[in-house]
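Working notes for the structure below.
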Amino acid sequence: MTGGDEESPDDTGSDADDTAVAASAGGDTDDLDPLIADLLDGKHRALARTITKIENRSPGYRDLVSQLHTHTGDADVIGITGSPGAGKSTLVDKLAATYREEGLTVGVIAIDPASPFTGGAVLGDRIRMASNVGDMDVFFRSMSARGTLGGLSTATTDAVKALDAFGKDKVIVETVGAGQNEVDIVRTADTVVVLVPPGSGDDVQMLKAGILEIADLFVVNKADLDGADRTVSELREMLQLRDGEVEVGGHHGFEEATVDVSGEAGRERGGGGDAAGDDDAADDADAADDVDAEGVEPWDPPIVETVANRGEGIDDLIAAMDDHRAYLVDSGRLESKARTRYAEEIRTLLREDARELLAEEIDARGGLDERVDAVLRRETDPYTVAEEVLEPLADCVAERRESRE
């Protein structure tokens, strides 16, 4: 296991052992930054240093990420999220070990809560991922959430690109686990796995507030504990409610029925209608509902039970994730997800750059103190102040737009 928060030899390992093949093997690296050239040559030390520069937002980090972009797009990015205590770190450790047994290389980014004093990661998940210590083909890195409510920072997305360009087959991102705020992962990962511990009614209730929509797979971890069957049933019920109907009784062997949550009378599954024509019409309607505007059938998130600390259910989970990957490729959703991801990344960068530009403009005008005092004296108002600060920037943008036209 390699990686870490510092640029030290102990964290990055020996370059003599680096055998990874660069994603751009055979390409011309004369115009590349030497650090990126070393990364593409499979040197773990360069990978660690690159991620450190990315995380610290060191001068020139954007140029590094820009050079990485051409060499990305091959890794399968998996997001692991869920409430604290669900066993995410243990599950990630077992996933990485299983992938290595299959001959695949793995990169792991564990997002920890940020220290309010230093901004750094405070948990150090590496102590819970011991199975892969010493394996040079498993690169592990703890990163700070940097105070972002969505569970990820912009640096995380850039670090994923570094691992992708390096040539990792699987990149696993484990999020903080902060409840319903764990939604940013859907903008980074191809497959999102949500962990739910058994017997956790509050956690299942929490899913209704947001995470339900982002999960491609659900994992009930610690399935050997009491309450696992009930949690699985509750998740199934919630998924069916999301789709507009709920099956009751089937999990425990009773006669399955479909309850229409729109308020209309339910019908027993297999009970039929008054006539064969009614059945055909209902089947046609159901079939139409199962296809989206692009003519693609929606993905039905499976529920997998695991006991991660014993490695039970890991093969089933990997098989389910492989099925989702195949679905994304076959349906064309993988490309559409990438398009959405890049659009959101561009918007995020634009917001960051605009915020910095405005901060510089405010400083150039002597700060906000005088304007705040004027607002307090009711001589002006916040909206007017904002317009005054933005006016020269807006005029500049308008002039450039007119010159292009």
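Please treat every number below as a calculation from the coordinates, not as lab data. Bear in mind that the values here come from a model prediction, so they are computed numbers and not experimental data. Neighbour counts are summed over all protein chains in view; Cβ atoms, including those assigned to glycine, are modelled from backbone coordinates with ideal geometry.
A compact table of results
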item: Candidate lysines for bridging to LYS94, where Cα separation is under 22 Å - those fewer than 8 sequence places away on the same chain excluded; result: LYS168, LYS170, LYS222
item: Distance (nanometres) between label positions extended 7 Å along Cα→Cβ at LEU350 and LEU390; result: 1.4 nm
item: Ranked TYR61, TYR342, TYR383, criterion: other C-beta atoms within 10 Å, fewest first; result: TYR383, TYR342, TYR61
item: Proxy reagent accessibility, fewest Cβ within 10 Å first, across THR50, THR191, THR306; result: THR191, THR306, THR50
item: Phi to ³J(HN,Hα) by Karplus 6.51 cos²θ - 1.76 cosθ + 1.60 over the range 305-320, Hz, x for Gly, Pro; result: 9, 9, 10, 4, 5, 10, x, 7, x, 5, 5, 5, 5, 5, 4, 5
item: Eligible lysines near LYS53 by straight Cα distance, threshold 19 Å, same-chain separation 8 or greater; result: LYS43, LYS161
item: 3J(HN,Hα) from dihedral phi, the range 31-44, Karplus parametrisation 6.51/-1.76/1.60, rounded to Hz, x for glycine, proline; result: 8, 8, 4, x, 5, 5, 4, 5, 4, 5, 7, x, 8, 4
item: Residues GLU370, GLU344, GLU234 arranged by fewest to most Cβ contacts within 10 Å; result: GLU370, GLU344, GLU234
